[in-house]
1. Measuring from a point 7 Å past the Cα of Thr127 along Cα-to-C-beta, which residues in region 84-99 have an amide N at less than 16 Å?
2. I'd like to check one number: the per residue accessible area of region 98-155, probe 1.4 Å, reported in Å² as a whole number.
3. On the accessible surface of region 100-149, probed at 1.4 Å, how many percent belong to carbon and sulfur atoms?
4. What's the extension gain from His97 to Glu141 if we count 0.36 nm per residue and subtract their Cα-Cα distance?
5. Dipole size in debye (nearest 20) for region 60-148 around its Cα centre, Lys and Arg Cβ +1, Asp and Glu Cβ -1?
6. Report, by chain and number, residues whose modeled amide H sits under 5 Å from the one on Tyr155, excluding near sequence neighbours (fewer than 5 apart, same chain).
7. Cα to Cα, under 27 Å, and not fewer than 8 places away if on the same chain: which lysines meet these conditions relative to Lys75?
Amino acid sequence: MLGVDIHRFTLLASWRPRHHVTPILSGNSAFVFSWEDLHLIWLRRIIDQVRYATKKGGGVTSNHGSSPGQRLGLKLFSDQYAEAGNIIIRQRGTQFHPGQHVYMGRDHTLHAAIPGFVRFYRLRKGTKERRYIGIVRERGEKLPRDEATRGRSRYFGHVDLTGHEQIIPKNA
C-alpha cells in the first residue's frame with residue numbers, strides 16, 4: 001500500500017504496478033491518485049525546489065598564481081668546493097642543520113663559513129636523527145670529525161690553525 005501525505009510529501013511505499021489506483025488518506029478526507037498522478041506530483045516537487053550553495057562562490061581573483069618560485073634547494077652538493085659565504089642550501093625550516101664551519105642565516109639558509117669541501121652527515125640526538133651539513137678542509141675527510149685522534153678543526157680568518165700548538169706566554 002502506498003501512503004502519501006500531500007502537505008508534507010512524505011512517501012511510504014511498497015511497489016505496485018503503474019495502472020493500480022491507490023487510495024490516499026490525508027486528515028479526514030480520502031483522495032484517489034493513479035501512479036502517473038503521483039509521479040507528476042513528485043516531479044513537480046523536485047522541479048520547484050531551490051538549491052542553495054553550501055560554500056561561498058569561487059570568483060575570480062586578480063594577481064593570483066603569477067608569483068615566481070622561491071628557488072629553494074641545494075646549491076652545492078657533497079665534495080663540491082665552497083668559498084666562504086657561499087650558499088649551500090636554501091630551505092624553509094631546518095631540514096638540514098648547520099655543522100662544522102657552516103652558519104645559518106635568518107631565513108634558515110646555510111652558508112659556508114670557510115673555504116673547503118661540502119660534507120653531509122647525520123647525528124642522532126635523543127630519539128631524533130638530524131641531518132647536518134659541514135665544511136672540511138681536505139677533500140677526503142669525513143664528518144663528524146674524530147676530535148680525539150685528529151683534534152678540532154680550527155680556522156681563524158684566512159689562517160688554518162689545525163695542528164698548530166697554542167702558544168701561551170708564561171707571564172700571562
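1. Zone members listed by number: none at all.
2. Per-residue accessible area for region 98-155 comes out at 62 Å².
3. Carbon with sulfur: 45 percent of the solvent-accessible area.
4. Extra length from His97 to Glu141 when fully extended: 13.9 nm.
5. 320
6. Those qualifying (amide H under 5 Å, at least 5 residues apart or on another chain) are Leu161.
7. Output for Lys75: Lys125, Lys128, Lys142.
The values are calculated or read from the model by the stated rules, or taken from the named source; none is laboratory data. Just so it is clear, the structure is predicted and the values come from calculations on it, not from any experiment. Glycine gets a Cβ as well: all are built from the backbone with ideal geometry, and neighbour counts include every protein chain shown. For the accessible areas, the whole protein counts, side chains as well, though only heavy atoms, and no ligand, DNA or RNA atoms are used. Shrake-Rupley method; radii C 1.70, N 1.55, O 1.52, S 1.80 Å.
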